[in-house]
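I have placed the structure first, in the form of structure tokens, so that the comments after it can refer back to it.
What follows is calculated from the coordinates using simple rules that are stated; it is not laboratory data. All of these numbers come straight from a predicted model, not from anything done at the bench. Neighbour counts run over all protein chains shown; Cβ positions are idealised from the backbone, glycine included.
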């Protein structure tokens, strides 16, 4: 049974991503839900998974993200790319936090799933395969 906080994170993500679609034109929340399902059973990881793209994609919801437990908020910040955050620092900070790393690996696994990539044009799919291979290498995994 999901905790109340996991449900709150899911509801916030559903609201924040309600109008977004992914590169294949699918509702963006489907990606977020798959990432959360991949880490199911770990409440903190599920909260982070639901919230992992909120600050980056929908910053107007940021104050509501801040109401979650500190470890969740810190992991969400780790997973948020920022204008003042180099790529090297981004991946370094994720590697330092087991919660951030767990969710990022689930995120990459979903984003690089061949069943999703085949829905895209060949050029985009090739670019994304390279992007996610580079991300896995930066995180120290194959």
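Overview of results
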| item | result |
| --- | --- |
| Where labels lie 7 Å past Cα in the beta-carbon direction, separation of residue 77 and residue 138 in nm | 1.9 |
| Inter-site label distance for residue 66 and residue 119 at 7 Å from Cα along Cβ, in nm | 3.5 |
| Residues residue 84 and residue 131, FRET efficiency given R0 of 22 Å [Cβ-Cβ distance, rounded to 0.05] | 0.55 |
| Semi-axes of the equivalent ellipsoid for the range 40-101, Cα gyration tensor, largest first, Å | 18, 16, 9 |
